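Below: the structure, in structure tokens.
The values are calculated or read from the model by the stated rules, or taken from the named source; none is laboratory data. Not measured: the values here are computed from a predicted model. Ideal geometry is used to build each Cβ from the backbone, glycine not excepted, and the neighbour counts take in all protein chains shown. These accessible areas exclude ligands, DNA and RNA; they are computed on the full protein's heavy atoms, side chains included. Shrake-Rupley method; radii C 1.70, N 1.55, O 1.52, S 1.80 Å.
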Amino acid sequence: MTSKYLIIAPHGDDEIIGCYELLVPGTIIFYDSRYTDEIRLREIEWLKQFRNIKQIIEPELPMDLYDNGIDKYTLCFPDPIFETHPLHRELGHFGEKLARRGLDVIFYTTNMNAPYIHECKNSVNKKQLLDSVYSSQSDLWKYEHKYFLFEGRCKWIF
């Protein structure tokens, strides 16, 4: 498996909740801007202060990604089965199509109800990053520690 990741995040905070352990230098994060308000756009930009990552904010995946080496990345999509938000599921189904075409795809969850959850290796730092970047969303994990204590990712084999 490659160490270069392209994380597809329907909303700002999904990339940290579901893929914190994959936020390594060189990671690219694509954000779907269809449901992103001004506050989250500012917070998304703020994430660059903490991590050496590249960000793409568009209403849909740019088609030129397919011509520019997308196959050199492990693609990280929301899980199309265990996610409940419609946009997460929509993007997850797109990820499933790419996986069926043979691209390297892993699926992640943000709601921690999937059977493949594991403890986050550094939950204290994950919570600090969530609090620092996405203060507008902090009520989500204020009493729901699952958002920073756990992560869930799986790979489908076809």
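Side notes on the structure shown:
- Glu15 being part of a helix (DSSP H, G or I), of a type outside the set (A, V, I, L, M, F, W, C) and surrounded by 15 or more Cβ atoms within 10 Å (Cβ to Cβ): yes
- Subset of region 132-149 (residues that are in a helix (DSSP H, G or I) and either open to solvent by less than 60 Å² (accessible area, probe 1.4 Å) or more than 16 Å from Lys48 (Cα to Cα) (or both)): Ser132, Val133, Ser136, Gln137, Asp139, Leu140, Trp141, Lys142, Lys146, Tyr147, Phe148, Leu149
- Boolean, Ser123 is more than 17 Å from Val24 (Cα to Cα) and of a type in the set (S, T, N, Q): no
- Of all residues in region 76-102 being in contact with a strand residue (DSSP E or B) (Cβ under 6 Å, 6 or more places away or on another chain) and farther than 20 Å from Val24 by Cα, the one that is surrounded by the fewest Cβ atoms within 10 Å (Cβ to Cβ): Leu98
- Cross-chain or 6+ apart pairs with Cβ under 8 Å, region 58-75 first and within 19 Å of Ser3 (Cα to Cα) and assigned to a loop (DSSP other than H, G, I, E, B), then at pLDDT 80 or above and open to solvent by less than 60 Å² (accessible area, probe 1.4 Å): Tyr73/Tyr5; Tyr73/Leu6; Tyr73/Ile28; Tyr73/Asp104
Here's the yes/no breakdown for (1) touching a helix residue (DSSP H, G or I) at 6+ places or on another chain (Cβ under 9 Å); (2) open to solvent by less than 20 Å² (accessible area, probe 1.4 Å); (3) modelled with pLDDT of 90 or more; (4) of a type in the set (A, V, I, L, M, F, W, C):
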| site | (1), (2), (3), (4) |
| --- | --- |
| His11 | yes, no, yes, no |
| Thr36 | yes, no, no, no |
| Ile39 | yes, no, yes, yes |
| Ile44 | yes, yes, yes, yes |
| Pro59 | yes, no, no, no |
| Tyr66 | no, no, no, no |
